[in-house]
Amino acid sequence: MKKTLLIVFAMLLACGAYAQFPSEVWHDGELVLVNGDTLKGQIKYNLETDLVQFSDDKKTIKTYTARKLLHFEIFDETSNRYRRFYVLPYNLSGNYNAPIIFELVLEGRKLTLLSREAVEYQVANYPYAVAGSYTRLVLVYTHYFLTDEGEIIKFGGKKKDLLRGVMSRKSSEIKKFFKTNRIRVDSRPDLIKTVAYYNSLFEE
């Protein structure tokens, strides 16, 4: 039985090694340059470097930095959905504002949810692995809030960051929402639900 489990585990690791992340494949899409040109074709993006590759003939590939882009949209076959990305000024390095690519996760009247993604190695526990753990590549999201005043705020990942920060105007309602719906803000779907609920509190 143990030998069978080890074989299955090895197969899962092998499959995981060849699994492709959204940023590693080409997508049908459209991008708009700062000069107003609109290009339709195959798009490949990398938010870790803020670079976008484009090809309309599968032979010639052009690379654009965030400074040359306004926004782009792709159909992501890995998730079977359309995704939109925008270039916004943000102080990512801690030195000065620069054009940065963000994905639009949820647009709202008061608060808009944005994200950036990266592929990172993480340690996962598994009883049949050497030393009880193994390292695997995972897709990691960092979320940001765009306020109705145009400020972009990085999400710290904790409930208090919402209650005392970007959602402080409705903190009592949000606190009840957390409790009633058993919200985990480290869960991307739960965070989306929370932002949607927060925006609904301002609807007339």
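Within the range 144-157, identify whether any single residue is touching a helix residue (DSSP H, G or I) at 6+ places or on another chain (Cβ under 9 Å) and part of a helix (DSSP H, G or I), and answer yes or no. Looking through the range 144-157, none of the residues is touching a helix residue (DSSP H, G or I) at 6+ places or on another chain (Cβ under 9 Å) and part of a helix (DSSP H, G or I). Output yes when any residue across the range 141-156 is surrounded by 12 or more Cβ atoms within 10 Å (Cβ to Cβ), over 17 Å from the mean Cα position of the chain (by Cα) and in the same structural domain as LEU69 (by TED's automatic domain parsing), and no when none is. Within the range 141-156 (the criterion being surrounded by 12 or more Cβ atoms within 10 Å (Cβ to Cβ), over 17 Å from the mean Cα position of the chain (by Cα) and in the same structural domain as LEU69 (by TED's automatic domain parsing)), the answer is yes, since at least one residue qualifies. Exactly one residue out of ARG67, ARG84 is modelled with pLDDT of 95 or more, among the basic types (Lys, Arg), in the same structural domain as PRO22 (by TED's automatic domain parsing) and surrounded by 12 or more Cβ atoms within 10 Å (Cβ to Cβ), and it is ARG84. What are the residue pairs meeting all of these: first residue in the range 181-204, first residue within 16 Å of LYS159 (Cβ to Cβ), second residue among the charged types (D, E, K, R) and not in a helix (DSSP H, G or I), Cβ atoms under 6 Å, and 6 or more apart or on different chains? Close Cβ pairs satisfying both conditions: ASP190/ARG184. Name the one entry in ALA124, ALA118, ALA98 that is touching a Pro at 6+ places or on another chain (Cβ under 9 Å) and of a type in the set (Gly, Ala, Ser). ALA98 is the lone residue from the list that is touching a Pro at 6+ places or on another chain (Cβ under 9 Å) and of a type in the set (Gly, Ala, Ser).
What about SER115, is it among the polar types (S, T, N, Q) and modelled with pLDDT under 90? Against the criterion (among the polar types (S, T, N, Q) and modelled with pLDDT under 90), SER115 does not qualify.
Checking the stated criteria, ASP28 turns out to be at pLDDT 95 or above, assigned by TED's automatic domain parsing to the domain that holds PHE145, surrounded by 12 or more Cβ atoms within 10 Å (Cβ to Cβ) and not aliphatic (A, V, I, L, M).
The values are calculated or read from the model by the stated rules, or taken from the named source; none is laboratory data. Here the structure is a predicted model, which is why all the values come from computation and not from measurement. All Cβ positions, even for glycine, are placed from backbone atoms using ideal geometry, and neighbour counts span all protein chains on display.
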